[in-house]
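Following: one structure in structure tokens, then a few remarks.
The values are calculated or read from the model by the stated rules, or taken from the named source; none is laboratory data. All values reported here derive from a predicted model rather than from experimental measurement. Neighbour counts are summed over all protein chains in view; Cβ atoms, including those assigned to glycine, are modelled from backbone coordinates with ideal geometry. Protein only, heavy atoms only, side chains kept; ligands, DNA and RNA dropped before computing areas. Shrake-Rupley method; radii C 1.70, N 1.55, O 1.52, S 1.80 Å.
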Amino acid sequence: ALFPGWLAATSKDGSFLVYDGGGVVVRSPPSCRQALNDVAWAPGGAGAVAAVAGQDGLVRVVDVSFRPSLRAVMRGHDGSVLCVCWARVNDAGGTALLSGSDDQTLRRWDPEDPSHYPSAVEEKEKAERAAKADAEPSATSNEGGEEEGKDAPTLRGSNAKEPVDDGKRAKKKAKKASGGRGLLKAPAWESTPEGVAAGQVAAVDLARRLHGRSSASTAGAPTDDDECTYGPSGVGLYLGQ
């Protein structure tokens, strides 16, 4: 044999390693996502080819003669593959691959069948996924249609120009205050000197009434400048200054 003393080992972590006679790892094919339960070397041949049994129900044939490469993938078991074995089928050196599974079946495979080539298996899986996607209705598109119909206003009349207020449309938000002092805009007269003087007098009168100083009107009386300033003792805020 071209590769004497090589030992193949699989593990529950999905790894597949090949050791030489000295216990050194010489080949390390890509790991599988699930455990590999068994491995068997293919008899004869000019290279190092092994079959591995996968927990995912697949039987893989890997060529590790030089750079590891996947040569065939067999799918058919309904359960995990527990063991694999090569068998001679004729005196001409023909071989078959056997696999046993926990689905209580024993299957025979021909790894040279083009339908088991990795490219063929990949194309088949893509076609199956596409067919499954086409068969399932798109829930997202349906929900989007319902939302669109819910938001659209109902129209009435022959011209269908006027929307009907059915209570489902969002109410308009109230406009926020402009940020100025007071809720009402002061008349233009209040900005004149006479208006300002009248406002000062009225504000002082109001302040005195609140403090209980006097109940008599002070209309026409002069206004102290201190009483028209901002702060606790002034009434400037009432005047809009």
Next item on the list: Kindly check whether there is at least one residue in segment 66-79 that is open to solvent by less than 30 Å² (accessible area, probe 1.4 Å), touching a strand residue (DSSP E or B) at 6+ places or on another chain (Cβ under 8 Å) and of a type in the set (V, I, T).
Entry: yes
Note to self: Please go through segment 9-50 and give me each residue that is in a loop (DSSP other than H, G, I, E, B), open to solvent by 70 Å² or more (accessible area, probe 1.4 Å) and under 19 Å from G100 (Cβ atoms), ordered by number.
What the structure shows: K12, Q34
Margin query: Looking only at segment 89-102, filter to residues that are surrounded by fewer than 15 Cβ atoms within 10 Å (Cβ to Cβ) and either of a type in the set (D, E) or at pLDDT 85 or above (or both); which one of those is nearest to Q55 (Cα to Cα)?
Written below: D102
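Residue by residue, here is whether (1) among the hydrophobic types (A, V, I, L, M, F, W, C); (2) more than 13 Å from L58 (Cα to Cα) holds:
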| position | (1), (2) |
| --- | --- |
| A87 | yes, yes |
| S99 | no, no |
| D110 | no, yes |
| S115 | no, yes |
| A120 | yes, yes |
| R129 | no, yes |
Check: Can you tell me how many residues in segment 51-65 are open to solvent by less than 20 Å² (accessible area, probe 1.4 Å), in contact with a Ser or Thr (Cβ under 7 Å, 6 or more places away or on another chain) and not in a strand (DSSP E or B)?
Finding: 1
Margin query: Looking only at segment 56-99, count every residue that is touching a residue at least 40 places away in the same chain (Cβ under 8 Å) and farther than 20 Å from S115 by Cα and tell me the total.
Written below: 9
